[in-house]
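Enquirer: Before I ask anything, let me first share the structure, which is written out below as structure tokens.
Derivation of every value follows stated rules applied to the coordinates shown; laboratory data play no part. These numbers were taken from a predicted model, which means no experiment stands behind them. No Cβ is skipped: glycine too gets one built from the backbone with ideal geometry, and neighbour counts run over all protein chains shown.
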Amino acid sequence: MEPHPLSRRDLLKNTLSALPRSAIALSLPAILAACSRAARNELDGAALQLLGGEEAEEFAAIADRIIPPDDTPGAREAGVVHFMDTVLADQRERELELLREGLGQLQQLVAGRFPVDRFSLLESGQQDELLREIEDSEFFATIRFLTVAGMFALPEYGGNRDLAGWDLLGFENRSVWQPPFGYYDEDYMNQGGR
Amino acid sequence: MAGATFQTREEVDFVVVGSGAAGGIIARELAEAGHSVVQLEQGPHLQAADFRHDEWGTFFNNDLTWNHRRGRPQTFRKTAGETATPRDRVCNYAHNVGGSSLHFSGNFWRLRPIDFMEASVRGTIPGTNFADWPIRYENLEPYYTRVDWEVGVSGLQGPWDPPRSRDYPCPPMAVKGSDVLLERGARALGYTAYPAPVAILSRPHNGRPPCVHCGFCLGFGCEVNAKSSTMITMIPAALATGNYELRTHCTVSRVETDENGRASEVSYFDAGDNEQSQRARAVVICANGAETPRLLLLSDSARFPDGLANSSGFVGRNLMFNGYSEVSGLFPEPVNAHKGIPATRVVHDWYELDPNLGFYGGGGIDGRHPVRSGTPMESAIATSMFDGPTWGSEFKARLRQEFTHSAAFDGHTTSLPLDSNNITLDPELRDRWGRPALRCTYMDHPDDLATMRYFMDRSVELMEAAGAVEIHASYPETGQEGSSHMLGTCRMGDDPATSVIDRYHRTHDVPNLFLCDGSSMVTSSRGQPTMTIMALAFRAAEHINEFARRNEI
């Protein structure tokens, strides 16, 4: 796939959708194996269906550098790893494999440079430094995509817990709005359509 | 209303393939004239209660648009020399009753008189199939008005709009902040922003309620039936006739012909993947500008070796996507362009570009949210929309700001019809039933790219004049790689050598086979084709009914 230089969102959209056609046929054994492993696993006290607890911890650490906690929740607290767990379990083996391979390479990078072998054990400054080095990789693009998607998806997918993502944006999921919607249209109405 | 039930061995008057913008209208019109009609639709019959603000399902799980995950792969390449590769969102359309009229944003610009005769007024363009339509604006105007009233359009007649025989049934939608800004920019530069006509109700009409401004239009089904899809405006009336059957989850595989070269039955895979075949006196294909030519190519036979109705070789050719440009601006105060419908104002000062620019083109600019859906997840994924960071603390700060404080001025532009842009059958990849996958070959003409660039530049000027503090501008400068607009692939014309259907939508080659959808269009429109597709459908249905009455099918 050729990246579209000026339309970043299309590129990111396609990272999850441009599967080779063989992916579906190959999916079942991987799903079953993952599911049997999954029952025992959890993150932050909530069960995972596909991801292992250890890798979930690492993905959570990465996600928390993409949307860090400050005075409002970061990606981890918002449950984005549970979102990843939900969507990756839905016949997305290519992405799962890509994430696992990418994580393995990242941990090698960690071990080669620090006295620990897990990204999650580093300080946030060290984590950011490593992520800056890999930010052009497909691995980072995929986990960044899933982190942001999970932060702002319907909470039933596992992320956006307590609407942390929508609150961050200033989005309120209402069915009905009445104009004026914002500053400029209110101003326009007040000035009689000028 | 359950409608009628026909046996597949029973010869019905019409089979209509597809239930979208055109198919929904034609089926209702034929059924109300008393004909027995079977409508075949690939997808389910979703209704208002089925729709939610689910961005993951809509944009990334392709709940409506489907893809290879549901056994419907497509392939794409830019030029004939390349091998096409599997891709999503090449020819992007909704698989459900109502088709893409269910998930569109409902921008309902009419064509203007010039659109129908631009080649003779402006001149043909070497290396392209740019041509006049066989009909004129006056021929289509009564049907545009029927769309306004029977489907439901909100708007306000502007001084440059083409003449209309009747006013809009509903006044324009409330202006959004993004369009207030567009209007300010336009006024400062001496241009005019005018209320955008939309197929969304601003007040109750035909028993349907007005829009509640929830903001989930583009890509989504309407939760209150204020959006004028054929699912809600046409299908219930068709079912009420008692001589119409809607068969959902039925994917058509071939149109069969008899020893006289007439369409005789339509083969399809039903919900259980069983192959069925419905006999019919006549067939109307409204499967969209990508699937209609594909179905004709799949329906080849000894008598029609290059595909059904393809003696001209024009089936699948002249694919036009419409061009676009996107210019986002960050503003000091909350715009909240995520609330309300996508666009409420349009600037049409560049409907026809000056020929002295050295390239052909034209279009319009409307105000929007920078991600066209205006929805939170799409917006966050695209953040920063202004070349800021895409992760980390500063990214989080941008998220707080950009979603609510941004507007976009988007260009919607012409595409030229070319032999080299087309729909063909993929030689290798197959769909879940073993049929060759849809293959799309597309590279925008240099004039189309120049037009997009021109509109981007105008939008930047408008954005500066509107007071944006940061601006990001783009257009697909290396060529588009997919679209929701698939136009021109079975074009209408008087000459059977250079068109697929005649001016009444009857194929030149098969007297009881009619085509009507985006494929019928001779030129591309200025970027908003569905109003014209629906008007063509009303007109086609009227003629088909008349032919049937005179026993001329």
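Enquirer: Can you list the HN-Hα couplings for the stretch B:369-380, worked out from phi with the Karplus curve (6.51, -1.76, 1.60; θ = phi - 60°), rounded to whole Hz and with x for Gly and Pro?
Expert: 7, x, 9, 5, 5, x, 9, x, 5, 4, 5, 5
Enquirer: Work out which GluC sites (Glu not before Pro) in chain B are exposed loop sites (DSSP not H, G, I, E or B, at most 16 other Cβ within 10 Å) and give the longest gap free of them. Before the final figure, lay out each step's value.
Expert: Numbers: sites that count: B:GLU10, B:GLU11, B:GLU82, B:GLU259, B:GLU477, B:GLU552.
With GluC sites (Glu not before Pro) excluded where exposed in loops, chain B gives B:260-476 as its longest stretch.
Enquirer: With unit charges on the beta carbons (Lys and Arg positive, Asp and Glu negative) and the dipole taken about the Cα centre of the protein assembly as shown, which residue among A:VAL87, B:PRO172, B:TRP66 sits farthest to the positive side?
Expert: Farthest towards the positive pole: B:PRO172.
Enquirer: Same structure again: Taking other Cβ within 10 Å of each residue's Cβ, how do A:LEU109, A:LEU103 sort, fewest first?
Expert: On the way: A:LEU109 14, A:LEU103 18.
Least crowded to most crowded, the residues run A:LEU109, A:LEU103.
Enquirer: Read phi for every residue in the stretch B:434-444 and hand back ³J(HN,Hα) as whole Hz from Karplus 6.51 cos²θ - 1.76 cosθ + 1.60, θ = phi - 60°, with x for Gly and Pro.
Expert: For the stretch B:434-444, the Karplus curve yields x, 7, x, 5, 6, 10, 10, 10, 7, 9, 4 Hz.
Enquirer: What are the ³J(HN,Hα) couplings of the stretch B:474-479, residue after residue, when phi is run through the Karplus curve with 6.51, -1.76, 1.60 and θ = phi - 60°? Round to Hz, x for glycine and proline.
Expert: 7, 8, x, 6, 8, x
Enquirer: Can you give me the C-alpha center-to-center distance between the stretch B:418-452 and the stretch B:211-283, rounded to a whole angstrom?
Expert: 25 Å
Enquirer: Picking from B:GLY34, B:GLY152, A:TYR157, whose Cα lies most toward the positive end of the charge dipole for the protein assembly as shown (charges on Cβ: Lys, Arg +1; Asp, Glu -1)?
Expert: B:GLY34
Enquirer: Sticking with this one: Restricting to DSSP loop positions (anything but H, G, I, E, B) with no more than 15 other Cβ atoms inside 10 Å of their own Cβ, which trypsin sites (Lys or Arg not before Pro) remain in the stretch B:72-165? Working shown, then result.
Expert: Numbers: sites: B:ARG77, B:LYS78, B:ARG87, B:ARG89, B:ARG110, B:ARG122, B:ARG136, B:ARG146, B:ARG164; in loops: B:LYS78, B:ARG89, B:ARG110, B:ARG136, B:ARG164.
Here the sparse-neighbourhood loop sites are B:ARG136, B:ARG164.
Enquirer: Helix-derived [θ] at 222 nm for chain B: sum -39500 (n - 2.57) over DSSP H runs of at least 4, divide by residue count, nearest 500? Working shown, then result.
Expert: Details: 12 runs with 123 residues, N = 553.
Result for chain B: -6500 deg cm²/dmol, rounded to the nearest 500.
Enquirer: Ok, one more. Mind listing which trypsin sites (Lys or Arg not before Pro) in the stretch B:429-458 are in a DSSP loop and have 15 or fewer other Cβ atoms within 10 Å?
Expert: Values: sites: B:ARG430, B:ARG432, B:ARG439, B:ARG453, B:ARG458; in loops: B:ARG432.
Answer in residue order: B:ARG432.
Enquirer: Using a simple charge model, +1 on the beta-carbon of Lys and Arg, -1 on the beta-carbon of Asp and Glu, nothing else, what dipole does the protein assembly as shown show about its Cα centre, in debye to the nearest 20? Present the calculation step by step, with values, prior to reporting the outcome.
Expert: Numbers: 69 positive and 100 negative charges, 285 e Å.
Roughly 1360 debye, rounded to the nearest 20.
Enquirer: So, R0 is 30 Å and r is the distance between the beta-carbons of A:ARG174 and B:ALA240; what FRET efficiency does that work out to, to 0.05? Provide the component values of the computation, followed by the final result.
Expert: Numbers: r = 34 Å, r/R0 = 1.13.
Computed FRET efficiency for A:ARG174 and B:ALA240: 0.30.
Enquirer: Taking the stretch B:403-433, which chymotrypsin sites (Phe, Trp or Tyr not before Pro) meet the DSSP loop condition and have no more than 15 other C-beta atoms within 10 Å?
Expert: Numbers: sites: B:PHE403, B:PHE409, B:TRP433; in loops: B:TRP433.
Counting only loop positions with at most 15 other Cβ atoms within 10 Å, the chymotrypsin sites (Phe, Trp or Tyr not before Pro) in the stretch B:403-433 are B:TRP433.
Enquirer: Next question, about the same structure. Which far-off residues, 5 or more places away or on another chain, put their amide H under 5 Å from the one on B:THR75, with H placed in the peptide plane?
Expert: Counting only residues 5 or more places away or on other chains, the set is B:ARG87, B:LEU438, B:ARG439, B:CYS440.
Enquirer: Still on this model: Cross-chain or 8 or more residues apart, Cα under 28 Å: how many lysine pairs in chain B fit that? Count them up, please.
Expert: Values: B:LYS176/B:LYS227; B:LYS176/B:LYS339; B:LYS176/B:LYS396; B:LYS227/B:LYS339; B:LYS339/B:LYS396.
Pairs that pass both the separation and distance tests number 5.
Enquirer: Averaged over peptide B:59-72, how many Cβ atoms belonging to another chain are found within 10 Å of each residue's Cβ? Show your work: numbers first, answer last.
Expert: Details: counts 5, 10, 5, 1, 0, 0, 0, 0, 3, 7, 7, 1, 2, 0.
Taking all residues of B:59-72 together, the mean is 3.
Enquirer: Given the Cα atoms of the protein assembly as shown, and with Rh set as the inverse mean 1/r over their pairs in the Kirkwood sense, what is Rg to Rh to two decimals? Walk me through the intermediate numbers first.
Expert: Working: Rg = 25.8 Å, Rh = 26.6 Å.
Result: Rg/Rh = 0.97.
Enquirer: In addition: Please work out the Cα center distance from the stretch B:99-127 to the stretch B:346-363, rounded to the nearest Å.
Expert: Answer, in whole Å: 13.
Enquirer: Could you size up the charge dipole of chain B around its Cα centre, putting +1 on the beta carbon of Lys and Arg and -1 on that of Asp and Glu, and report it in debye to the nearest 20? All intermediate terms of the calculation are to be shown ahead of the outcome.
Expert: Working: 51 positive and 67 negative charges, 149 e Å.
The calculation lands at about 720 debye.
Enquirer: Find which of B:LEU201, B:THR85, B:LEU181 sits farthest along the positive direction of the dipole of the protein assembly as shown, computed with +1 on the beta-carbon of Lys and Arg, -1 on that of Asp and Glu, about the Cα centre.
Expert: B:LEU201
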